[in-house]
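The values are calculated or read from the model by the stated rules, or taken from the named source; none is laboratory data. Computed from a predicted model, the values in this text were never measured in an experiment. In this analysis, Cβ positions are derived from the backbone assuming ideal geometry, glycine residues included, and neighbour counts consider all displayed protein chains. All accessible areas refer to the heavy atoms of the entire protein, side chains included, with ligands and DNA or RNA removed. Shrake-Rupley method; radii C 1.70, N 1.55, O 1.52, S 1.80 Å.
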Amino acid sequence: MNWKLITTVSYYKTDISVSNKSKNLIDEINFLRKKRNAIILAHYYQEPAIQDIADFIGDSLELSRKASETSAEVIVFCGVHFMAETAKILSPNKTVLLPDFDAGCTLADDCQPDDFQKFLDKHPDHFAISYVNCSAAVKAKSDLICTSSNAVDLVKKLPKDLPILFSPDRNLGRWVERQSGRKLTLWPGRCLVHETFNEESLIKLKIKNPTAEVLAHPECQENLLDLADYIGSTSKLLNYSQNSKKDKFIVLTEPGIIHQMRLKDPLKTYIEVPGLDGCSCNECPYMRMNTLEKVLNCLKEMKPELHMDEQIRLMAYKPLKKMLDMSN
């Protein structure tokens, strides 16, 4: 495996001592991941410094599948808790470390297993599809898992007379309804980051940048999706920005993806959508809990390690496996 070493840290707007400190951290991380036979995975919403040292960058499920395919014994998952759980579900014999164990997710937190069970009990004849952004315990109670990339296709493959529950993201669920033509019973969850975007800020940017294309994640609210030129998962937004003939984009998702967009095509312009008061307030506070220092510490101490009840893991694996089989 070829480890990437960052020798310049251009995104730091401080003095040279910070860059030197970062390089020293990266040197230590590189040494320890070789020693531990570890692989570092980073979600697109991680800070640029972590993206730049990762072996693989991607959406949560892409990363978990990559982890299961490698010979690494240790997975350092730079994301949030449910992502590390998904990696453990697919790679039970690997050690899974999460740099900050408190890195959660509002979608997963809004859908607690006991409450989800009550939801299921109220709709006993329904087929339960759960977005991958949920806990292992909720996955274990689900019939099928989906991602923002494949949700529409999976719903279309189900029998037309089958009633469907869709959890936990209501905005993604509404978008799947529109794209599939199916009526879904939605869990009322939402992503803190994607609900922060507002229509007025977006319209102002569209007026100021009339040639820019608006790229939106389907976790955004419906009124914002109506203003988008392209809607897709994080990885699909990245691919679209590369392949589009346009040279300017307004990006309606967590701004961590803009780092990858700039790396892929630095000649194009990518615009983050601010809040009404002009603040840059759409960074996921949970994703940004991971830092280079925490990555180094977890490799030093081999903790915090994610453990999972084997019965829950096996139950959660079934709907994940069903998704993978249906996606082939």
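A single entry from S91, S135, S142 fulfils the requirement of being more than 16 Å from the chain's Cα centre (by Cα), modelled with pLDDT of 95 or more and among the small types (G, A, S): S142. Selection of segment 172-189 for residues being among the charged types (D, E, K, R), assigned to a loop (DSSP other than H, G, I, E, B) and either farther than 20 Å from C146 by Cα or open to solvent by 70 Å² or more (accessible area, probe 1.4 Å) (or both) yields only K183.
Assessment of segment 307-320 against the conditions (open to solvent by less than 60 Å² (accessible area, probe 1.4 Å) and small (G, A, S)) yields at least one matching residue.
I'm trying to understand the selection: among the residues of segment 207-247, which are β-branched (V, I, T) and either under 18 Å from Y44 (Cα atoms) or surrounded by 15 or more Cβ atoms within 10 Å (Cβ to Cβ) (or both)?
Residues of segment 207-247 β-branched (V, I, T): 207, 211, 214, 231, 234.
If the condition is that a residue be β-branched (V, I, T) and either under 18 Å from Y44 (Cα atoms) or surrounded by 15 or more Cβ atoms within 10 Å (Cβ to Cβ) (or both), then V214, I231, T234 are the ones that fit.
Here's the yes/no breakdown for (1) in contact with an Asp or Glu (Cβ under 7 Å, 6 or more places away or on another chain); (2) open to solvent by less than 10 Å² (accessible area, probe 1.4 Å); (3) within 19 Å of E305 (Cβ to Cβ):
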site	(1), (2), (3)
I40	yes, yes, yes
P48	no, no, no
I57	no, no, no
L61	no, no, no
A84	no, yes, yes
A87	no, yes, yes
S91	no, yes, yes
K94	yes, no, yes
D100	no, no, yes
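Condition check: open to solvent by less than 50 Å² (accessible area, probe 1.4 Å) and over 17 Å from the mean Cα position of the chain (by Cα). Does N30 satisfy that? Criteria met by N30. In segment 69-127, of all residues being part of a strand (DSSP E or B) and of a type in the set (F, W, Y), the one that is nearest to V193 (Cα to Cα) corresponds to F77.
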